[in-house]
Amino acid sequence: MFMKEKLELFKTNYGYFSEDGKEFVITRPDTPRPWSNVICPGDYGLVITQSGSGYSWRTHASLNRITRWNQDLVCDDWGKYIYIRDQESGEFWSPTWKPVCHTPEHYECHHGFGYTRFISLNFSISSELTIFVPPKEPLEIWQLKITNHSSQKRILSLWSYFEWCLGESPDSHREFHRTFLETESDKDNGILYASKRLWTIANAKGQHWNKSWDYLAWHGTNLRLKDSSGNKDSFIGKYHGFQNPNALLTGSYTGKTTGKWDDSIASLCSEIELLPGETKTVLWTLGAAKNKNEARNLALKYKEQNNVDQAFQNTIQFWQSYLEKSNVETPDSSFNLLGNWWLKYQALSARIWGRTGYYQAGGAFGYRDQLQDSQIFLHLEPKRTKNQILLHASHQYSSGIVHHWWHPITNDGHKSRYSDDLLWLPFVAINYLKETGDFSILKEKTPFLKEENKKEASPASVYQHCVLAIENSLKRKSKRGLPLIGTGDWNDGLSVAGWEEKGESIWVGQFLYGILNEFCELIARAIKNKTLSSSESKKIARYKKEAEKLYEAVNKFGWDGQWYWAASCDDGSLIGSKKSKEGKIHLNPQTWAVLNKMVPEKNLTTLLDSLEKNLYKDYGPLLLYPAYKIPDERIGYLTRYASGVRENGGLYTHAGIWAIQMECFLKRSQTAWQLFKKISPIERGMDPDLYMSEPYVTPGNVDGPDSPYYGRGGWTWYTGSAAWLYRIMLEWIIGIRAEWEGLKIAPCVPKDWDEFKVKRIYNGKSCAFHFKRDKNLGKNSVAIIFNDKTLPGDTLPKSIVKKAEENFIINFN
């Protein structure tokens, strides 16, 4: 009845990866935590868990939520559901586990790229429910294949159910928000419409609470409607719940079903007959259109099976068009699964396009967040990195300060007081130029944000935007010459350390030092290719001098004897110092000191010993240690987390990945590999009851040793660690990374890897690399062979890559 996969990879009591790695198959619904899929091919999206719960949105998951949802990792009981009722026996269940929670005879949840499929067997009725989001259309499609495996004819009623939100979420004051909702039934076409006469965002005059929701939502089916309801009371019934709604108990809705005077939901009821062995397919749509005509046309379009089949094929092709552009074949299958599929999918679907997840329902753009994430496109479609740079440049004020975050739809944002936000623009621009050589981006102009009571500044080039970010950072320094931390550096949890603009950040000093040196090279090359005027050469000398000052200040004041302290508070007290009572050592100031070559040789061994002794733990590098146990009003909310949780003494995966990069930089391949294995969600997922989180995507954090749940993962999907881990795997472990002169080849792989293959985009061409270990070469040496000739050095010039597909053999040791 149910076909098994040929090979079940990394199998546990809860599930496994399919043989091709393109699905994670969950074999029981009671996973340790909700294991979700975030599906967003650009604008419309949804989150769905292994039990069938979740939510939907368009453009912004918090400002433009379509369906209601309550975040609850324990119960996971809010979502969009289908009920199946046997009209003869009165038994009812769901093709998903929630909300009825009937124990199925068989259950599978397949999370794939752009879709989730539920396969279950209940009361001799099997169902296969596929939920997906077609690219470039504002809707989701539910396809249910239902089969009668009994010897009797079965008459079944099918009921859908979810609650409308239509705007800002959470709408916690439901009794207020429901008074603006309205539903309307088009029974002939099997459609239920929903609208809202209030949207909390401002109208064109700047007036809040005086605007209707800009869309019309709908829910439709291909079956003839028996009945429908837009009224929660008529479906759930007084004092009933999702598990036992009155409509399923009685077989009918009660009372008034549509209008503007009730708590608005969507429920469509239809009936089917199934002969023994017969299978039927039922379709539903849910979406949000600009007007009724568009909503009706889309609802009618996807009543046709051919259109649904084509949409599903388009969905598969859409995701494969991105995911297949790079590929690795290594001796380690977990490395392959993450590098080929899941990290890219996580970064694109949840971080760049969806900007949301189960643990954090978001929707805004983070200035530093999506800029960093967009670097994943450098290997796939660099133009999208360029577009992200241009977008973020337009969220800068003429002073150089930027938005910390902003909302699409309204464009409202929060003016940043974080010391690192603005610097990610030149950082990513540098990496984009290394990868593409597209210096024309430096001339492209984008506008500035308008500052209150100031004349609107004229648009400026990307180069000028980058310079303004650097110049502003150079101005914001303490008397000691260290950058001011403001309300946090990369670590948002140091939220009040520099509230009075006196606290300092060692890490920002290291970050800025690296950017200054790289930006000097950018200017020199831009002058040489005539993108910039020769007059810009003055900046090179000045920036180099500023870099020298930073080097001296960081090492004079920041070196704490065994490691670099992290920051200082407004009152001068140190954070991350051996003198600190808690949080004595922080990770970032150590890793970035090495990566940006700021550690004097005499201190390097001591620093590395300190990392291994204090921060390198069982489940990866801790962000700091020991955890804070007493809130410190001088530092910020980081100290208020429970000990060992998130930034307070846990593995913060994003930063932990930089430790892998640092180890590769130092050519310490075995240590780098050990850290990768400790961080890998696939490896950690082999102990699912300890780890708890999904084994197919990275977590934002893992509890540290000061937590009683040491090793527990959390905040999956919506984390910048996915794009960074992908980059570090490809660029630093595999060791193919773009530098100014071309592709540098510097593998830092485990000793037992003697052969592996890589495919990636470079210079707009597909490049295939076949690595073979040659023990006759010197340690850490490579030989690049192209067209049977050995090229000089370890860097592949961009000029070599000319054809649509190029092949290289890399001998290494």
Task: Partners for K629 among lysines (Cα-Cα distance below 18 Å; same-chain residues under 8 apart left out) - done: K578, K579, K581, K584
Task: Selection of trypsin sites (Lys or Arg not before Pro), the range 636-672, meeting DSSP coil and at most 14 other Cβ within 10 Å - done: K667
Open item on the list: Straight-line reach only, C-alpha to C-alpha below 18 angstrom: list the lysines that K256 could link to, leaving out same-chain residues fewer than 8 apart.
Closed with: K187, K226, K232, K238
TODO: For the range 718-801, state which GluC sites (Glu not before Pro) are in a DSSP loop and have at most 15 other beta carbons lying within 10 Å of their beta carbon.
DONE: E741
Task: Extension gain (nm, one decimal) between K290 and D788, 0.36 nm per residue minus Cα-Cα - done: 173.4 nm
- [ ] Hydropathy first: keep DSSP H helices in the chain averaging at least 0.5 on Kyte-Doolittle, then drop any whose Cα extent along the axis falls short of 24 Å, and list what survives.
- [x] 506-528
Open item on the list: Can you return the aspartates and glutamates within cross-link range of K450? Criterion is Cα-Cα under 16 Å, with same-chain partners fewer than 8 residues away left out.
Closed with: D412
TODO: Using the Cα centre as the reference, give the magnitude of the dipole from point charges on the C-beta atoms of the range 368-495 (Lys, Arg: +1; Asp, Glu: -1; all else neutral), rounded to the nearest 20 debye.
DONE: 500
TODO: Within the range 181-229, list the trypsin sites (Lys or Arg not before Pro) lying in a DSSP loop whose Cβ has at most 11 other Cβ atoms in a 10 Å radius.
DONE: K205, R224
Open item on the list: Quick check on the chain: of the DSSP beta bridges with both residues there, what percent are antiparallel, nearest 5%?
Closed with: 95
Open item on the list: Probe of 1.4 angstrom, ligands and nucleic acids ignored: what's the accessible area per residue over the chain, in square angstrom?
Closed with: 37
- [ ] Please work through the chain and write down the cysteines that have no neighbouring cysteine Cβ at a distance under 4.7 Å.
- [x] C40, C75, C101, C109, C165, C269, C466, C520, C569, C767
Open item on the list: Using Stokes-Einstein with the Kirkwood hydrodynamic radius over Cα pairs, what translational diffusion coefficient do you get for the range 544-596 at 37 °C and a viscosity of 0.692 mPa s, in µm²/s rounded to a whole number?
Closed with: 283
Open item on the list: Rounded to the nearest percent, how much of the accessible area of the chain (1.4 Å probe, protein heavy atoms only) is carbon and sulfur?
Closed with: 47
Task: Separation in nanometres of the label points that stand 7 Å from Cα toward Cβ, at H208 and E8 - done: 5.3
Open item on the list: Give me Rg/Rg_expected for the chain, where Rg uses Cα atoms only and Rg_expected = 2.2 N^0.38 Å with N residues.
Closed with: 0.99
- [ ] Sort the range 167-284 into rounded, prolate or oblate with this rule: let a ≥ b ≥ c be the square roots of the eigenvalues of the Cα gyration tensor; rounded if a/c is under 1.5, and if a/c is not under 1.5, prolate when a/b is larger than b/c, oblate otherwise.
- [x] prolate
Open item on the list: If I model the range 395-531 as equal point scatterers sitting on the Cα atoms and use the Debye formula, what is log10 I(q)/I(0) at q = 0.21 Å⁻¹?
Closed with: -1.30
Task: Positive-end extreme of charge dipole, the chain - chosen from Q313, W499, L348 (charges on Cβ) - done: W499
TODO: With a Förster radius of 35 Å, plug the Cβ-Cβ distance of T200 and C75 into 1/(1 + (r/R0)^6) and report the FRET value to the nearest 0.05.
DONE: 0.80
- [ ] Would you work out the charge dipole size for the range 198-343 about its Cα centre, treating the Cβ of every Lys and Arg as +1 and the Cβ of every Asp and Glu as -1, and quote it to the nearest 20 debye?
- [x] 820
Task: Most positive-pole-ward Cα, I236, L651, L442, against dipole of the chain from beta carbon charges - done: L442
Open item on the list: Give me the extension gain from E273 to K136: residue separation times 0.36 nm, minus the current Cα-Cα distance, reported in nm with one decimal.
Closed with: 45.8 nm
Task: Neighbourhood net charge (10 Å Cβ-Cβ; Lys/Arg +1, Asp/Glu -1) for T487 - done: -2
Task: With DNA, RNA and ligands ignored, accessible area of K802 (1.4 Å probe; Å², nearest 10) - done: 150
Task: Cα-based Rg of the range 556-680 normalised by 2.2 N^0.38 Å, two decimals - done: 1.02
Task: Alpha-carbon Rg/Rh ratio, for the range 652-712, with Rh computed the Kirkwood way - done: 1.00
Open item on the list: Quick check on my link table: of K479/K545; K479/K538; K11/K98; K22/K759; K477/K556; K145/K292, which ones sit more than 22 Å apart, alpha carbon to alpha carbon?
Closed with: K479/K538; K11/K98; K145/K292
Task: Over the chain: helical MRE at 222 nm, DSSP H runs n ≥ 4 each giving -39500 (n - 2.57), nearest 500 - done: -7500 deg cm²/dmol
Open item on the list: Under a Cβ-only charge scheme (Lys and Arg +1, Asp and Glu -1), can you give me the dipole magnitude of the chain about the Cα centre, in debye to the nearest 20?
Closed with: 2280
TODO: At 1.4 Å probe size, with no ligands or nucleic acids counted, give the accessible surface of E805 in Å², nearest ten.
DONE: 130
- [ ] Answer with one residue from L532, C569, Y551: the one whose Cα lies farthest towards the positive end of the charge dipole of the range 532-599, charges on Cβ with Lys, Arg +1 and Asp, Glu -1.
- [x] L532
- [ ] Mind ranking T103, T591 by accessible surface for me, highest first, 1.4 Å probe?
- [x] T103, T591
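The values are calculated or read from the model by the stated rules, or taken from the named source; none is laboratory data. Keep in mind it's a predicted model, so treat the numbers as computed, not measured. Neighbour counts are summed over all protein chains in view; Cβ atoms, including those assigned to glycine, are modelled from backbone coordinates with ideal geometry. Calculation scope for accessible area: heavy atoms of the full protein, side chains included, ligands and nucleic acids excluded. Shrake-Rupley method; radii C 1.70, N 1.55, O 1.52, S 1.80 Å.
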